[in-house]
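Below you'll find the structure, written out as structure tokens, and then a few comments.
The values are calculated or read from the model by the stated rules, or taken from the named source; none is laboratory data. Being a predicted model, the structure only gives us computed values, none of them experimental. Here Cβ is always computed from backbone atoms with ideal geometry, including for glycine, and neighbour counts include all displayed protein chains. The area values use the complete protein model at the heavy-atom level, side chains included, leaving out ligands, DNA and RNA. Shrake-Rupley method; radii C 1.70, N 1.55, O 1.52, S 1.80 Å.
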Amino acid sequence: MSDANNATITPDENKQDESSQALPSDLGSIASSLTSIATDILQGEVGEGRRTYAVYGKEEYGFPMDDQELERMDICHTKYSALLDKRHFLSPVGPHPQRILDLGCGTGIWCIDVADLYPSAEVVGVDKAPTQPLWVPPNCSFELDDIEQTWTWRDETADFIFSRDLILSIRDFPALIGQHLKPGGWLEFHCVTGVLMSDDDTIPANSAFRQFSNTLKVACAAFGTPVDDPTHWKEWFESRGFTGVTEQVFKMPCSPWPKDRRLKVIGAWEQHNLLNNLEGMVMRLFQKGLGWSEEKITVFLADLRRDIRNLGIHAYWPFYTVYGQKPLNGPSNP
């Protein structure tokens, strides 16, 4: 395994308090569809925690699709860009790709950025929630579809396929590997795992934060979307015959505890993400996966927020990135 942030992160010893940090100021279309879009699909449905969830697709998606969730996803885009040193992906895609797919595109922000970067490419974002903007670059479009059902695109036409944070979404990752790519095309997956880590053992075993990580793993398995799937991506790519398969794991701080300024900024974004969006992240997951009541979840998250604010806990999430090239000859499709 290649660990892109293998060095131990040095904590900022001058800020070991429990106060929330202010967010830094320096980070800062449904053009086509494969189906007719009914009103209930556009609007979604109100579900767990009185949040709005997508209704399209074969399986339930664990996160909401409302405005609060869309804001969270756009913040994550900024956070991940900083984590990857302002890169949108790591694959050595050539300068003039013709067709790029983003699986589970969310708000479409990655697609829009990449369409601007590669005017030669037709960039298509796919999602089961119609939450993308109408005003986009002319070479960017969005489609409503469930990527775990049979793909309707012509095979071997994409130069690059990307996906990011398909957590609580995909039940069968190996089935996604190889579809639609040209021979010689690149496939790249990114995802944060909910397996909490620390380099200096500052996460108490009986803490709410540690309990959250352990509970998340159990709940995701019960929901059918194991939280540690990204740890298997490399072997799944290789088993499909992909070449040049590269795994890089980045350390994403859970709060602004690091001394390094860039990591402190990333940690501030993640702390904001956690403190403001915990209910949306776990309300459906814990109710459907664990059978917890909304009241039990609310009490548990109150304890968790205290740990998230504690800068003496030097926790981080591993952020997995894996990319590889479809071989010019030989099978790689499911």
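Data for the structure
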{"quantity": "So Leu216, is it within 28 Å of Met283 (Cα to Cα) and buried (at least 21 other Cβ atoms within 10 Å of the Cβ)", "calculated": "yes"}
{"quantity": "Number of the condition not met by Leu117 [criteria: (1) under 14 Å from the mean Cα position of the chain (by Cα); (2) open to solvent by 20 Å² or more (accessible area, probe 1.4 Å)]", "calculated": "(1)"}
{"quantity": "The stretch 171-190, subset at pLDDT 95 or above and in contact with a helix residue (DSSP H, G or I) (Cβ under 9 Å, 6 or more places away or on another chain), residue surrounded by the most Cβ atoms within 10 Å (Cβ to Cβ)", "calculated": "Leu187"}
{"quantity": "Residues being at pLDDT below 95 and acidic (Asp, Glu) - total across the stretch 86-140", "calculated": "1"}
{"quantity": "Residues (in a loop (DSSP other than H, G, I, E, B) and among the basic types (Lys, Arg)) located in the stretch 88-129", "calculated": "Lys128"}
{"quantity": "Pairs where the first residue, in the stretch 164-178, is on the phi < 0 side of the Ramachandran plot and the second is crowded, with 21+ Cβ neighbours inside 10 Å and acidic (Asp, Glu), C-beta under 7 Å, 6+ apart", "calculated": "Phe173/Asp229"}
{"quantity": "The lone exception for Asp155 - which of (1) part of a loop (DSSP other than H, G, I, E, B); (2) at pLDDT 95 or above; (3) not β-branched (Val, Ile, Thr) it fails", "calculated": "(2)"}
{"quantity": "Count of the stretch 76-126 residues which are within 19 Å of Thr321 (Cβ to Cβ) and among the aliphatic types (A, V, I, L, M)", "calculated": "11"}
{"quantity": "For Asp67: the one exception among (1) modelled with pLDDT of 80 or more; (2) under 19 Å from the mean Cα position of the chain (by Cα)", "calculated": "(1)"}
{"quantity": "Check on Leu168, surrounded by 20 or more Cβ atoms within 10 Å (Cβ to Cβ), modelled with pLDDT of 95 or more, under 30 Å from Val282 (Cβ atoms) and among the aliphatic types (A, V, I, L, M)", "calculated": "no"}
{"quantity": "Residue pairs meeting the criteria (Cβ under 8 Å; at least 6 apart or on separate chains; first under 15 Å from Leu101 (Cβ atoms), in the stretch 114-134; second hydroxyl-bearing (Ser, Thr, Tyr) and surrounded by fewer than 18 Cβ atoms within 10 Å (Cβ to Cβ))", "calculated": "Gln132/Ser29"}
{"quantity": "Test result for Glu294, in contact with a helix residue (DSSP H, G or I) (Cβ under 9 Å, 6 or more places away or on another chain) and buried (at least 17 other Cβ atoms within 10 Å of the Cβ)", "calculated": "no"}
{"quantity": "Residue list for the stretch 68-87, filter: open to solvent by 40 Å² or more (accessible area, probe 1.4 Å) and in a loop (DSSP other than H, G, I, E, B)", "calculated": "Asp85, Lys86, Arg87"}
{"quantity": "Selection status of Pro133, open to solvent by 40 Å² or more (accessible area, probe 1.4 Å) and out of contact with any Phe, Trp or Tyr (no Cβ under 6 Å at 6 or more places or on another chain)", "calculated": "yes"}
{"quantity": "Filter result for the condition that a residue is in contact with a Ser or Thr (Cβ under 6 Å, 6 or more places away or on another chain), open to solvent by 20 Å² or more (accessible area, probe 1.4 Å) and within 19 Å of Ile203 (Cβ to Cβ), over Asp307, Asp303", "calculated": "Asp307"}
{"quantity": "Residue list for the stretch 140-165, restricted to those being β-branched (Val, Ile, Thr) and buried (at least 16 other Cβ atoms within 10 Å of the Cβ)", "calculated": "Ile147, Ile161"}
{"quantity": "Filter pass, Gln287 being more than 30 Å from Leu90 (Cα to Cα), open to solvent by 50 Å² or more (accessible area, probe 1.4 Å) and among the polar types (S, T, N, Q)", "calculated": "yes"}
{"quantity": "Residues of the stretch 219-237 satisfying the condition of being aromatic (Phe, Trp, Tyr) and either surrounded by 21 or more Cβ atoms within 10 Å (Cβ to Cβ) or at pLDDT below 95 (or both)", "calculated": "Phe223, Trp233, Phe237"}
{"quantity": "Among (1) more than 21 Å from Ala221 (Cα to Cα); (2) crowded, with 21+ Cβ neighbours inside 10 Å; (3) modelled with pLDDT of 95 or more - the single one Ser198 does not satisfy", "calculated": "(2)"}
